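As structure tokens, the structure follows; a few thoughts come after it.
Only the coordinates and a few stated rules stand behind these numbers; no lab work does. Since the model is a prediction, treat every value here as computed from it, not as a measurement. Note that we place each Cβ from the backbone using ideal geometry, even for glycine, and neighbour counts take in every protein chain shown.
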Ligand code: ADP
């Protein structure tokens, strides 16, 4: 009778094992599908700049030797495309890293006001034709969150850069920050072309652009917001958009705030 009991056990355990093996296979299949999709997307995105460079090289080969104008134009255009590819590759690396980036900086603590001031200042210097306002009245100056400072900067630069890229005649960006219910909110607002409801749900997907041709002119490749979202999620934050077509957009990010004690503890651990 002992044999029968152990048989019974074995059957149970086998069943459990089969179930978890199947689940694992499903997860692996999903992962493989995602990787395939990513490689497909990347190849597609690299095809355009490579085709443009090839076109210019062909022109150079045929007419460039005798025509200084073609020579100059083709070289300039090829260099521009090469730069675009470099940018694309850098952003793809950022995207793949962003997913588990907080693992690298588990104890990083950042003062929100410091970073906001720096980014707003830098962006004003670079985009002198824009008015960039910073309103931190609803947030204590010493508010801290758990994030690596460079990543908060990167996030804000992505959002402010987009606001600038997609502005129309009103060249203003409002950055505001507030603290409520143990959450820090940062809002980046522009008064540009806005985003339709339908597109709002897609803009965080990698390589998604509302208007491919026009965005390409502006140097966009549809990766900024997917990098931003991955970064935010890896630090347990939230990101969302609120926008009206033709009026402008607001991007909102939120992170859990740290008490002074929590921040102090993390800093100590970070230095250890
Ligand atoms: P890109 O590098 O193309 O700007 P993003 O991932 O940052 O890529 O944005 C995806 C798309 O979302 C953009 O191509 C653009 O169509 C739209 N978008 C992003 N930010 C804004 C904004 N502030 N105003 C209007 N459209 C925006």
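Give, as ranges by residue number, the residues of region 231-266 whose backbone N falls under 19 Å from the point 7 Å along Cα→Cβ of residue 111.
Counting backbone N atoms under 19 Å from the label point, the list is 257-266.
Where the centre of each part is set by its Cα atoms, how far does region 147-170 sit from region 42-82, in angstrom?
Region 147-170 and region 42-82 have Cα centres separated by 31 Å.
Contact order normalised by length for the chain, with contacts defined as Cα pairs under 8 Å and 6 or more residues apart; what percent is it?
Worked out over the chain, it gives 18 percent.
Under the rule a/c < 1.5 gives rounded, and otherwise a/b versus b/c splits prolate from oblate, where does region 144-207 land using the Cα gyration tensor?
Here region 144-207 falls in the prolate category.
For the chain, what does -39500 (n - 2.57) per DSSP helix run (n ≥ 4), summed and divided by total residues, give at 222 nm, in deg cm²/dmol to the nearest 500?
-19500 deg cm²/dmol
If I model a spin label as a point 7 Å beyond the Cα along the Cα-Cβ vector, how far apart are those points for residue 48 and residue 214 in nm?
Computed distance between label sites residue 48 and residue 214 equals 1.4 nm.
Which shape class applies to the chain: rounded if a/c is under 1.5, otherwise prolate when a/b exceeds b/c and oblate if not, where a ≥ b ≥ c are the square roots of the Cα gyration tensor eigenvalues? Don't skip to the answer; put the middle values down first.
Details: a/c = 2.30, a/b = 1.24, b/c = 1.85.
The shape class here is oblate.
Would you work out if region 48-175 is rounded, prolate or oblate? Take a ≥ b ≥ c from the square roots of the eigenvalues of the alpha-carbon gyration tensor; rounded if a/c is under 1.5, else prolate when a/b is larger than b/c, oblate otherwise.
Here region 48-175 falls in the oblate category.
Could you give me the radius of gyration and the Dmax of region 131-272, taking only the C-alpha atoms into account and expressing both in angstrom?
16.1, 51
Have a look at 54, 99, 153 and tell me which one the Gaussian network model of the chain (Cα, springs below 10 Å) gives the largest fluctuation.
Among 54, 99, 153, the largest GNM mean-square fluctuation belongs to 54.
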